[in-house]
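A short write-up of the structure that comes next.
The values are calculated or read from the model by the stated rules, or taken from the named source; none is laboratory data. In this text the structure is predicted, and so the values were computed from the model without any measurement. Ideal geometry is used to build each Cβ from the backbone, glycine not excepted, and the neighbour counts take in all protein chains shown.
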Amino acid sequence: MLTEEQVDSYIENGQVTAPIKLNEEVIGAIQTKMEALFETRPDLTPDYLPALIEMDRSWLEFAMLPEILDIAEQLIGPDIIVWSSALICKSPSKGKSTPWHQDAQYWPIRPLETTTVWIAVDRSTTENGCLRVVPGSHKSREIFSHSINNSDRIVLNQELDSEVQKQMVPKDVVLERGMFSFHDAYMVHGAEPNHSLKRRASLTFRYMPASSHFDRDLARKKTEELQVGDVSKRQIFQVRGTDSHPDNQLSTL
Ligand SMILES: O=C(O)CCC(=O)C(=O)O
């Protein structure tokens, strides 16, 4: 659980690192599952692999870890839906960068309240391209101007405009293996390429309060507008509390 100061820090900065680690058994199981997946499916793109739960329902087990949900509850309330899952596994020497962006640019959720848990499967450092965040950039709850960048040297295609980038003061989120961090949907973040000799793998899940609407029509619109993958058929799961929005089409656990 987070202390009151840590919750306040998330509200103030848009990111907080959990004061606990996943135990070795859990993080080892995530690593083994990830490596087995990429070994058996060389056609997949490890740098950014979304919709994991759709591919294999058993990933849901990790999205429901009580130590993660307890903190998510402190940040977005007791009624929690998990709606996204991804592996971001950046190989030694050739891992791609993540352009500066706000997740809010992408997500078809209204009201747009979402927190992401970013779990370090490997030690994540400045050298291997750890997550970088701009503390406080989420506070105005506005989506800054982004452009499409379809370069194959980056993951994701929405990039914050350079005028906005110039005003930013980023901070590295350095994590030991098994540590995890939460970030708000409006927070500006990105990552440098992995030029090091060490892999940088992470597992992410995104949670929204059940009072928000996962708007599948808006998802289809965004797919066209932003030239991004279609999330309108995503399976979304109530992992804690009760659903309070009549239009969410939940999948059963
Ligand atoms: O890990 C990365 O490189 C990017 C992560 C990210 O953009 C996210 O989880 O929202």
task: Identify the residue in the range 219-235 that is modelled with pLDDT under 95 and in a helix (DSSP H, G or I) and, among all such residues, is surrounded by the most Cβ atoms within 10 Å (Cβ to Cβ).
output: LYS222
query: So which pairs qualify, if the first residue must be in the range 203-226 and within 27 Å of PRO46 (Cβ to Cβ), the second must be small (Gly, Ala, Ser), the Cβ gap must be under 6 Å, and the two must be at least 6 apart or on different chains?
result: THR204/ALA86; PHE205/ALA63; PHE205/SER85; ARG206/SER84; TYR207/ALA72; ALA219/SER232
statement: Per the filter on the range 173-195, residues farther than 19 Å from ASP47 by Cα, in a strand (DSSP E or B) and either within 9 Å of the ligand (Cβ to nearest atom) or acidic (Asp, Glu) (or both) are HIS183, ASP184
query: What residue, among those in the range 72-104 that are among the hydroxyl-bearing types (Ser, Thr, Tyr) and surrounded by 21 or more Cβ atoms within 10 Å (Cβ to Cβ), is farthest from the chain's Cα centre (by Cα)?
result: THR98
task: Take TRP83 and decide whether it is closer than 14 Å to VAL231 by Cβ, touching a residue at least 60 places away in the same chain (Cβ under 8 Å) and either among the hydroxyl-bearing types (Ser, Thr, Tyr) or not in a helix (DSSP H, G or I) (or both).
output: yes
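For residues in the range 98-111 being part of a loop (DSSP other than H, G, I, E, B) and more than 14 Å from the ligand (Cβ to nearest atom), which is nearest to GLU192 (Cα to Cα)?
PRO108
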- prompt: On the given criteria, is PRO170 over 21 Å from PRO50 (Cα atoms) and within 15 Å of the ligand (Cβ to nearest atom)?
  reply: yes
query: Taking ARG216 and the conditions (1) surrounded by 17 or more Cβ atoms within 10 Å (Cβ to Cβ); (2) more than 16 Å from the ligand (Cβ to nearest atom); (3) closer than 23 Å to LEU2 by Cα, which numbered condition does it fall short on, given that it satisfies the others?
result: (3)
Test set (1) over 25 Å from GLY129 (Cβ atoms); (2) within 15 Å of the ligand (Cβ to nearest atom); (3) part of a loop (DSSP other than H, G, I, E, B) - PRO78 fails condition number: (2)
